[in-house]
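Handing you a structure now.
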Amino acid sequence: MSSDLAIHAQQLGKVFQLYERPIDRLKQMLMRGRRRYFREFSALHDVNFELKKGEVLGLVGRNGAGKSTLLQLICGTLNPTGGRVVVQGRVAALLELGAGFNPEFTGRENIYLNASILGLSKDEIDARYDSIVEFSGIADFIHQPVKTYSSGMYVRLAFSIATSVDPDILVIDEALSVGDGAFARKSFDRIMRLKEKGATILFCSHSVYQIEALCTRALWLEKGVVQLIGDPATVVARYQNFLDMDSAPIAVTHDQSLVPAPTGTARILGVQTQVDETVGNSLTVRSSEQTLTVTMGFASDPQLPPPVVAISIHSADGRWIASSSTQAAGLVLDRDASGRGSATIEFPKIPLLKGEYFIGAYLLSENGIHVYDGAANVATLHFSQKTLEQGVVTLPHGWRYAAGAGSSTGGVPQVGY
């Protein structure tokens, strides 16, 4: 394993044996493999990745996807049933709530127990004891058994210990979601300092904002299998699209055969999608920086009133994000003698946020009621962004600011337009 790597996982797998009744474990041991009393559950399958020293890897995935199992394999609290994982450096971990604590011991005793497990000598723990207690904020309860602690107090103490031992690798498994807002802010400040010092961090969270803000890479797990690993913004966008599609009450497809068949004597001849100077049906767009242009050519019966052209933008689960039509804009389209014409719409500096979106194109009757022709997916847009804003679109806005906690009135400069 290269010296610049902190973690290297090769074909890593974990299979659990599930027993219907406790006595089946005893039967399995006595039968020595001649009969099976369990069923297998594959929690992880063929996981491969490398994490360099100083990188921050965020894990995303639904509950039961295998995130916690992967972190426990890395920490050594579980053994793999297939493949291997090699770890270089001191590992400090916040896994299951209270893991590594003896509930009968006091907070002070658990500091010495836990820190010694993490590799500190008694003298080193003595030197850091006061700062550990101060950061945890539970000095009034440090001599009480931890079994009397709330979940938030558990997390405070565990995090304070784990981050005070100067770990080479810090592993956090959603534990900070238990703490209060003030402690969470203080904790993330400390994580950022560890990151700046060059610590390798594995961070599991259901907050995709935190994944993007903190991590240099992200890994998406689904049913124990790696779906994607790479840039956090890309992974988070794909994962969010997957969640949106999975939660949709009705399965949505982008098969154009499902669009109502054209009727009458008007039809779409072609649709061209363009981002700045690039034309295509699968385009990358930088949010609030690039211009999207869609042009439709059509043919219609010249004896009928000019048709209406409409363009839609929708998400992967079929939700309509925006739409516009020539009718809504108060336009009557020009055509040549044969009834042919075209219409173009521009979205300057289109402000959609990261994610995958689809362009729909429709040709309607002059009153916008009857659909002559339509295509639900003529182009796919892959949006990226520089900021950490969440949602679907950046709305036009302006910020006001002033010193102090009170409300401000007049005379305050506006920023952020």
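The values are calculated or read from the model by the stated rules, or taken from the named source; none is laboratory data. Owing to the predicted nature of the structure, the values given are computational and were not obtained by experimental measurement. Here the Cβ is made from the backbone with ideal geometry for all residues, glycine too, and neighbour counts use every protein chain on show. To get the accessible areas, we keep the full protein, side chains included, count just its heavy atoms, and leave off ligands, DNA and RNA. Shrake-Rupley method; radii C 1.70, N 1.55, O 1.52, S 1.80 Å.
Test of understanding: among G360, G341, G398, which residue is under 21 Å from I321 (Cα atoms) and open to solvent by less than 60 Å² (accessible area, probe 1.4 Å)? Let's see the steps before the verdict.
Values: G341 fails: under 21 Å from I321 (Cα atoms); G398 fails: under 21 Å from I321 (Cα atoms).
Sole residue among the options that is under 21 Å from I321 (Cα atoms) and open to solvent by less than 60 Å² (accessible area, probe 1.4 Å): G360.
Scan R156, R238 and give me the residue that is open to solvent by 40 Å² or more (accessible area, probe 1.4 Å) and either closer than 30 Å to Q11 by Cα or in contact (Cβ under 8 Å) with a residue 60 or more places away in the chain (or both).
Details: R156 fails: either closer than 30 Å to Q11 by Cα or in contact (Cβ under 8 Å) with a residue 60 or more places away in the chain (or both).
Matching residue, one of R156, R238: R238.
A follow-up question, please. With the requirement that a residue be part of a helix (DSSP H, G or I) and touching a strand residue (DSSP E or B) at 6+ places or on another chain (Cβ under 6 Å), what does region 196-213 give you?
Step one: list which residues in region 196-213 are part of a helix (DSSP H, G or I), which gives 196, 208-213.
Residue satisfying the conditions is I211 alone.
Any chance you could count how many residues in region 291-304 are modelled with pLDDT of 90 or more and out of contact with any Leu (no Cβ under 9 Å at 6 or more places or on another chain)?
Qualifying residue count for the region: 4.
On to the next question. Quick one: in region 310-326, of everything that is in contact with an Asp or Glu (Cβ under 8 Å, 6 or more places away or on another chain) and not acidic (D, E), which residue is surrounded by the fewest Cβ atoms within 10 Å (Cβ to Cβ)?
So the first thing to find is which residues in region 310-326 are in contact with an Asp or Glu (Cβ under 8 Å, 6 or more places away or on another chain), and the list is 315-317, 319.
Going one step further and asking which of them are not acidic (D, E), we end up with 315-316, 319.
Working: S315: 20, A316: 21, R319: 13.
Step by step, filter region 310-326, then rank; the result is R319.
Here are some residues: P307, P351. Which one is of a type outside the set (D, E), open to solvent by less than 40 Å² (accessible area, probe 1.4 Å) and touching a strand residue (DSSP E or B) at 6+ places or on another chain (Cβ under 9 Å)? I'd like the intermediate steps shown before the answer.
Values: P351 fails: open to solvent by less than 40 Å² (accessible area, probe 1.4 Å).
Exactly one residue qualifies, and that residue is P307.
What number of residues in region 72-84 are closer than 18 Å to I172 by Cα and open to solvent by 30 Å² or more (accessible area, probe 1.4 Å)?
Just the residues of region 72-84 that are closer than 18 Å to I172 by Cα, to begin with: 72-78.
Applying the additional criterion that residues be open to solvent by 30 Å² or more (accessible area, probe 1.4 Å) yields 72, 75-78.
Result for region 72-84: 5.
Output the residues belonging to region 192-226 that are touching a residue at least 40 places away in the same chain (Cβ under 8 Å) and polar (S, T, N, Q).
Across region 192-226, the qualifying residues are T200, S205, Q210, T216.
Report, by residue number, each residue of region 109-124 that is surrounded by 15 or more Cβ atoms within 10 Å (Cβ to Cβ) and either farther than 14 Å from P167 by Cβ or touching a Leu at 6+ places or on another chain (Cβ under 8 Å) (or both).
E109, N110, I111, Y112, L113
Is it true that some residue in region 36-55 is closer than 30 Å to F141 by Cβ, in contact with a Ser or Thr (Cβ under 9 Å, 6 or more places away or on another chain) and surrounded by fewer than 16 Cβ atoms within 10 Å (Cβ to Cβ)? Before you say what the answer is, go through the steps one by one.
First, pick out the residues of region 36-55 that are closer than 30 Å to F141 by Cβ: none.
There is no residue in region 36-55 that is closer than 30 Å to F141 by Cβ, in contact with a Ser or Thr (Cβ under 9 Å, 6 or more places away or on another chain) and surrounded by fewer than 16 Cβ atoms within 10 Å (Cβ to Cβ).
Moving on to the next point. Step by step: first the residues of region 361-417, then only those that are among the hydroxyl-bearing types (S, T, Y) and at pLDDT 80 or above, then the one that is farthest from T295 (Cα to Cα). Which residue is that?
For region 361-417, the residue satisfying everything is Y401.
Look through F16, F105, F38 and report the one residue that is out of contact with any helix residue (DSSP H, G or I) (no Cβ under 7 Å at 6 or more places or on another chain) and among the aromatic types (F, W, Y).
F16
Right, something else. List pairs: first in region 323-348 and over 13 Å from N367 (Cα atoms), second open to solvent by 90 Å² or more (accessible area, probe 1.4 Å) and among the hydrophobic types (A, V, I, L, M, F, W, C), Cβ under 8 Å, 6+ apart or cross-chain?
Sorted first by the residue in region 323-348, then by its partner, the pairs are A343/L331.
Out of the residues in region 9-35 that are more than 23 Å from K223 (Cβ to Cβ) and not in a helix (DSSP H, G or I), state the one that is most open to solvent (accessible area, probe 1.4 Å).
As a first pass, look at region 9-35 and keep what is more than 23 Å from K223 (Cβ to Cβ): 21-35.
Filter once more, so that each one left must be not in a helix (DSSP H, G or I): 21, 32-35.
Numbers: R21: 121, R32: 201, G33: 60, R34: 170, R35: 140 Å².
That would be R32.
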